[in-house]
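Step one of this worksheet: look at the structure below.
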Amino acid sequence: MRKKSTAKINNKESVKPVIICKNCDTSFQGHYCPNCGQSVKDLDIPFKVLIFDIMANMWAFDTRVFKTLKSLLFKPGDMALDYVAGRRARYMPPFRLYIFISFIFFLLLNISVTKSVNRDWDLLTVRERSDTVKDVRNSVISITKDSDSESDNKLKNFIEKIESNKGYYVTRFLTILSWSMFLLMPLYAFFLWLLFRKNQRFFLGHFIFAINQHALLFIIFITLLSINLIFPHKSTFPESWLLLLFPIYIVIGSRKLYSRKWISTILRLTTVQFMYMLVLSVAIAAVAYLTLSRVLGSS
């Protein structure tokens, strides 16, 4: 009798209660509604418990961000090695971090370039502006060997449209460039894989290392832009030495990730950087054309 009673109790405990979703009134068993996906977790809890729950989630998130930034800035190559080895939970997704950093970078770059263009143009007198437009127009006409009035008027309209809306074209150029970086980073990772595949056969390691390199470079540029925006009239730029950290970073990170000799690592990295600079130059030219495509089409 005792065995039967205990079996009945266990069966009763194993049967999950039927829950009615507060959002769509669907009956179900489990922790999430199969119809709308809402969690069963009740938010009607004491305020003290709610605050502790929110603070715990924020602390967990901040801890991952701190560990990711620490590895990114001070331990080049470690994050890529950990991802290849499967140790990923300790970091926030590196691509998400890159998106956040790149957003800040291109925002500050847009503000800085727009201010610089407007300031330099405003410093010119009306006569100097006219002379500048004429010089550019005459140079283009002499190159194309086409000095007819129709071409002259088209070029004049083209320059005037850009001059009248400089901020728009600066923003458009940087926006297209920021999106193009999402295509360039995997290509850069492919160049790394091409020359270091014998030492690191998984593409994921090269890709994580490429993301970290771009993120670090953007952090350096964010620092430089922030200093220049805070102190716009300073005459010296000692912070420019921060740019030297980037080649040191990628050499140390590559040495750790690929475990090659120093000379071999530097030579292969130089080849990768040269290939990437060629592709980046073509990409910038293409972005410039796309930026001015509306003006070119209408002129």
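The values are calculated or read from the model by the stated rules, or taken from the named source; none is laboratory data. Here the structure is a predicted model, which is why all the values come from computation and not from measurement. Glycine gets a Cβ as well: all are built from the backbone with ideal geometry, and neighbour counts include every protein chain shown.
Within the group Thr223, Thr236, which residue is among the polar types (S, T, N, Q) and either in a helix (DSSP H, G or I) or on the phi > 0 side of the Ramachandran plot (or both)?
Result: Thr223 is the single residue among Thr223, Thr236 that is among the polar types (S, T, N, Q) and either in a helix (DSSP H, G or I) or on the phi > 0 side of the Ramachandran plot (or both).
Considering each of Leu217, Leu174 in turn, give the residue that is at pLDDT 90 or above, within 25 Å of Ala286 (Cα to Cα) and in the same structural domain as Ile104 (by TED's automatic domain parsing).
The conditions single out Leu217.
Name the single residue that is surrounded by the fewest Cβ atoms within 10 Å (Cβ to Cβ) among those in region 251-268 being among the small types (Gly, Ala, Ser) and more than 26 Å from the chain's Cα centre (by Cα).
My answer is Ser259.
State which residue pairs qualify: first residue surrounded by fewer than 17 Cβ atoms within 10 Å (Cβ to Cβ) and inside region 91-118, second residue at pLDDT 90 or above and not hydroxyl-bearing (Ser, Thr, Tyr) in any location, beta carbons under 8 Å apart, and separation of 6 or more residues or different chains.
What qualifies is Phe95/Ile211; Ile104/Phe218; Ile104/Ile222.
Restricting to region 233-279, name every residue that is among the polar types (S, T, N, Q) and without any contact (Cβ under 8 Å) to a residue 24 or more places away in the chain.
Ser235, Thr236, Ser240, Ser264, Thr265, Thr270, Gln273
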